[in-house]
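In what follows, a single structure is set out as structure tokens and then discussed.
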Amino acid sequence: VQMSDNRICTLEMMLRWRHPVLGLVRPEQFIQLAETSGLIVPIGDWAMGVACRQLAEWHAAGYADLRLAMNISSRQLRQEDFVDKVRLVLAETGVPADSLELEITEMSATQSEPAIIDRLRAIREMGIRISIDDFGTGFSSVSVLRVFPVDALKIDTSFVRDVVSDPNDAAIAGAVVALAKAMNLTVIAEGVENPAQLEFLRAQGCEMWQGYLCCPPVPSSEVRSVLGRRSGGTARRGLTTPTESGIVKH
């Protein structure tokens, strides 16, 4: 959600596994296994295709300015044909490159080898935005950011949670915002749950936010009605209830 006009500008795709016996399995229960086994590569390929086809439907439904963010595994980035796969998905779905935002974790960014950075540069040259997710948890240096192809930093939920009550978390959040602005990067706060957190971040100059104050994640089938309540017509200032917004990551 944009701070300036309270408008939903980006949706983040969240992966869940609907298991016939276990029910709804959350990412923390299977993503690590997929990473270590290598299955994250075909899963990631499938997820990107699904995401872009869905975004194309939303664009056709009248939400042409809507962007979609999705997480990318470092294993995917190690694939020599990753850039070609991204280019093919965009061509097949007709989704503009500047409507897609790829997120990698801060740890992945700090450990990226030159070939991965080159692939990310190629992706960014296509018009796709690159974000560093969970920023503040990976102890990255400013020198890494200086050479890394990145457009946005996302302040990790762990710092936003107690930003009003814990001076240390407040200092970290403020420092991330200041760093991002100094480097001409967009800064996005994750895990915003209450108005006090939101107002603190607004005062610091944070430009975008996501979290349960907006709403919990919803199935793609419910997104249009949510967007219709918030992003259609005249933008409204101020939030009233957490159920008034779109699909976001906590």
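The values are calculated or read from the model by the stated rules, or taken from the named source; none is laboratory data. Keep in mind it's a predicted model, so treat the numbers as computed, not measured. Note that we place each Cβ from the backbone using ideal geometry, even for glycine, and neighbour counts take in every protein chain shown. Each accessible area value is taken on the protein alone, full model and side chains, heavy atoms only, with ligands, DNA and RNA left out. Shrake-Rupley method; radii C 1.70, N 1.55, O 1.52, S 1.80 Å.
Observations on the model:
- When the range 76-113 is filtered for residues that are under 20 Å from C52 (Cβ atoms) and either among the charged types (D, E, K, R) or free of Cβ contacts under 8 Å to residues at least 12 places away in the same chain (or both), the ones remaining, listed by number, are D81, D84, K85, R87, L88, A91, E92, D98, E101, E103.
- Residue, modelled with the lowest pLDDT, within the range 203-230, restricted to residues that are crowded, with 20+ Cβ neighbours inside 10 Å and in a loop (DSSP other than H, G, I, E, B): C215
- Wholly enclosed strands (runs of 3 or more DSSP E) of the range 1-68 bearing at least 1 residues open to solvent by 50 Å² or more (accessible area, probe 1.4 Å): 17-19, 23-25
- Tallying residues that are part of a helix (DSSP H, G or I) and surrounded by fewer than 18 Cβ atoms within 10 Å (Cβ to Cβ) within the range 76-86 yields 2.
- Residue count, the range 160-202 (criterion: open to solvent by less than 10 Å² (accessible area, probe 1.4 Å) and of a type outside the set (A, V, I, L, M)): 3
- Considering the range 100-122, and only residues there that are over 25 Å from V176 (Cα atoms) and under 20 Å from the mean Cα position of the chain (by Cα), the residue that is modelled with the lowest pLDDT turns out to be R119.
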